[in-house]
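The structure's right below; bear with me while I get my questions together.
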Amino acid sequence: MRILQELLFIIAFGTAVYLFSTKVRQIRRNILLGRDEDLNDHPDLRWKNVLLLAFGQKKMFRNPLVAVLHFFVYAGFIIINLEILEIILDGILGKHRLFVPVLGGLYPILISAFEVLAVLVVLGCAIFLVRRNILKLRRFMSRDLNGWPRSDANYILITEIVLMLLFLTMNAADQQMQLRGSEHYIATGNFLVSGSLASIFNSMPDGTLIAIERTCWWLHILGILAFLNYLPYSKHLHIILAFPNAYYARLEPMGEMENMPAVQREVQLMLQPELAANEPAPEGMPKFGAKDVFDLSWKNLLDAYSCTECGRCSAACPANITGKALSPRKIMMDTRDRAEAVGRNINENGAFKDDGKTLLRDHITEEELRACTTCNACVQECPVSISPLDIIVQLRRHLVMEESSAPAEWTGMFSNIENNMAPWKFSMDDRDKWAEEMNQ
């Protein structure tokens, strides 16, 4: 029976790792569909971002209560799952609490700390469920979360509660069996939370208690493995991608937009025509902006996969607040959906086969793009350094510079800038006449 359990565990663990690694490779391929971008400068500042934004969750602490609860859930869940290493080794080797002889008196202290964190995770998840489903905060009720995205958040919160309760119940049953001197359950010392719950099982026979402990053990580890494979399909992939996304965050001041080299070159030659003789002719026609995920950078696609769908960007967006079609959160969700669609296309055909769709218009509309004021509120609010604005600007550049698609008001402004060096319809010679009238 013991050998059968070990074999079943190895099969379950191996299958879970294989499926997870396969999906991770696909996501990495999808991200690298974007054009290349060098973001390896200033490693000291980048590691500082990782520590402050990813580990320390600096931006979350603008709302201290929510930040503390989120930290309990995030850090607690990650730290508690360090115990998974022991469970995995126990399952493979057919042992029970393998680390007890190694850690000695430190073992019950560590498990007690994990249990306190487990209680905090349960508390935090319960409060977050109330905020989403009873208090119904506005940013959680937005139409861009209709359907799967709203359910996804609830599934994750409920799953975390169940996993933590299984962990505590398993330990409580284990503690009771230790008190009874059962041979398989070696003495570990008292656990802070489960030790106080062990008395609940006083009246239960050994067989029932062992069944409860073993059932909780199996459900806990299988739940963790299932959660691992759910992550790549969920918004909670940010648990992993928040760290590289924080590292590769752009270090330029917010509001500084990336210039287009081809346009810079033309402007420079217009102002200094004598340089034209020494300038090599460009190879082919340059592309302006982005129409599909292939035209975005890999960092834009990493942003899309890192999105937590928390809605802080949309809640701060003046266009969204005033009822416009734009939602920065939806921009990121649409970009990720398109990248996933392209990935499925590649999986089916071996290479991308034109499906007649693009990110622009099939996922993100012109109305959404034109509503953006480029104020950077979305970038400022994002807790994991995502920039919806960069994607919006690139798509809008394509509309204007590749398709000449712009509202009449914009077209007039473009003409004025080109002819008068200013947005207004006044020549440079007449621009200061308004001041003369004021002095009369």
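The values are calculated or read from the model by the stated rules, or taken from the named source; none is laboratory data. Keep in mind that this is a model prediction, so the values were computed, not measured. In this analysis, Cβ positions are derived from the backbone assuming ideal geometry, glycine residues included, and neighbour counts consider all displayed protein chains. The area values use the complete protein model at the heavy-atom level, side chains included, leaving out ligands, DNA and RNA. Shrake-Rupley method; radii C 1.70, N 1.55, O 1.52, S 1.80 Å.
Tell me which cysteines of the chain come out unpaired when the rule is another cysteine's Cβ under 4.7 Å.
Unpaired cysteines in the chain: 125, 216, 307, 310, 317, 372, 375, 382.
So how strong a dipole does the chain carry about its Cα centre when Lys and Arg Cβ are +1 and Asp and Glu Cβ are -1, to the nearest 20 debye?
Here the size comes out at about 1540 debye.
Placing +1 on the Cβ of each Lys and Arg and -1 on the Cβ of each Asp and Glu in the chain, which of 42, 427, 124 has its Cα farthest towards the positive end of the resulting dipole?
124
Taking only Cα atoms, what is the 0 to 90° angle, nearest 10, from helix 106-133's long axis to the longest principal axis of the chain?
Orientation of helix 106-133: about 50 degrees from the principal axis.
So, R0 is 25 Å and r is the distance between the beta-carbons of residue 233 and residue 84; what FRET efficiency does that work out to, to 0.05?
That gives a FRET efficiency of 0.75.
Let me ask you something else. GNM, the chain, Cα, under 10 Å: largest mean-square fluctuation among 33, 228, 89?
Ranking 33, 228, 89 by mean-square fluctuation puts 89 first.
For segment 84-204, what does the alpha-carbon gyration tensor say about shape, rounded, prolate or oblate, given a ≥ b ≥ c as the root eigenvalues, a/c under 1.5 as rounded, and a/b over b/c as prolate?
Verdict is prolate for segment 84-204.
Multiplying the sequence separation of residue 187 and residue 95 by 0.36 nm and subtracting their Cα-Cα distance, what value in nm do you get? Please list the in-between numbers first.
Working: separation 92, 0.36 × 92 = 33.12 nm, distance 1.40 nm.
Extending this stretch completely gives an extra 31.7 nm.
To the nearest 0.05, what FRET efficiency results for residue 134 and residue 265 with a Förster distance of 51 Å applied to their C-beta separation?
Here the calculated transfer efficiency is 0.35.
Give me the percent of accessible area attributable to carbon and sulfur for the chain, probe 1.4 angstrom.
In the chain, the share of accessible area belonging to carbon and sulfur is 63 percent.
Determine how large the accessible area of residue 257 is when every protein chain is in place; take a 1.4 Å probe and give Å² rounded to the nearest 10.
Counting only protein heavy atoms, residue 257 exposes about 90 Å² to solvent.
Among 80, 142, 259, whose Cα projects farthest towards the positive end of the dipole of the chain, with charges put on the beta-carbon of Lys, Arg (+1) and Asp, Glu (-1)?
Going by the charge dipole, the pick is 80.
For the chain, with a Gaussian network of springs between Cα atoms less than 10 Å apart, report the residue from 98, 275, 120 with the top mean-square fluctuation.
It is 275.
Can you give the local net charge around residue 381? Use residues other than it whose beta-carbon is closer than 10 angstrom to its beta-carbon, Lys and Arg +1, Asp and Glu -1.
For residues surrounding residue 381, the net value is +3.
Can you give the net charge of the other residues whose Cβ lies under 9 Å from the Cβ of residue 94, counting K and R as +1 and D and E as -1?
0
Determine the per residue accessible area of segment 20-178 with all protein chains present and a 1.4 angstrom probe, expressed in square angstrom.
49
Calculate, for residue 254 and residue 199, the FRET efficiency according to 1/(1 + (r/R0)^6) with r their C-beta to C-beta distance and R0 56 Å; round to the nearest 0.05.
The computed FRET efficiency comes out at 0.50.
Residue-wise, which Karplus ³J(HN,Hα) couplings in Hz belong to segment 21-29, taking 6.51 cos²θ - 1.76 cosθ + 1.60, θ = phi - 60°, and x for glycine or proline?
5, 5, 5, 4, 4, 5, 5, 4, 4
Also, I was wondering about something else. With a 10 Å cut-off between alpha carbons and a GNM built on the chain, which of 345, 133, 419 moves the most?
Of 345, 133, 419, the Gaussian network model singles out 419 as fluctuating most.
Near residue 252, within a Cβ-to-Cβ distance under 14 Å, what is the net charge of the other residues, with Lys and Arg +1 and Asp and Glu -1?
-3
Taking P(r) over Cα pairs in 10 Å bins from 0, in percent straight from the coordinates, which label in (1) 5, 22, 32, 25, 12, 4, 0, 0; (2) 4, 21, 29, 25, 16, 6, 0; (3) 4, 16, 24, 21, 15, 10, 5, 3, 2, 0, 0 is the correct one?
The value computed from this structure is option (3).
Continuing with the same structure: How much accessible area does residue 203 have with a 1.4 Å probe, in Å² rounded to the nearest 10?
Accessible area, nearest 10 Å²: 110 Å².
For residue 137, what accessible surface area do you get with a 1.4 Å probe? Give it in Å², rounded to 10.
About 50 Å², ignoring ligands and nucleic acids.
Quick one: order 138, 62, 396 from most to least accessible surface, probe 1.4 Å.
Values: 138 160, 62 125, 396 40 Å².
Largest accessible area first, the list is 138, 62, 396.
A further question on this structure: How about segment 318-362: which trypsin sites (Lys or Arg not before Pro) there are in a DSSP loop, with at most 13 other Cβ atoms within 10 Å of their Cβ?
Filter output for segment 318-362: 353.
Just grab the label-to-label distance for residue 428 and residue 211, each label 7 Å out from Cα along the Cβ direction, in nm (one decimal).
With each label point 7 Å from Cα toward Cβ, the separation is 9.0 nm.
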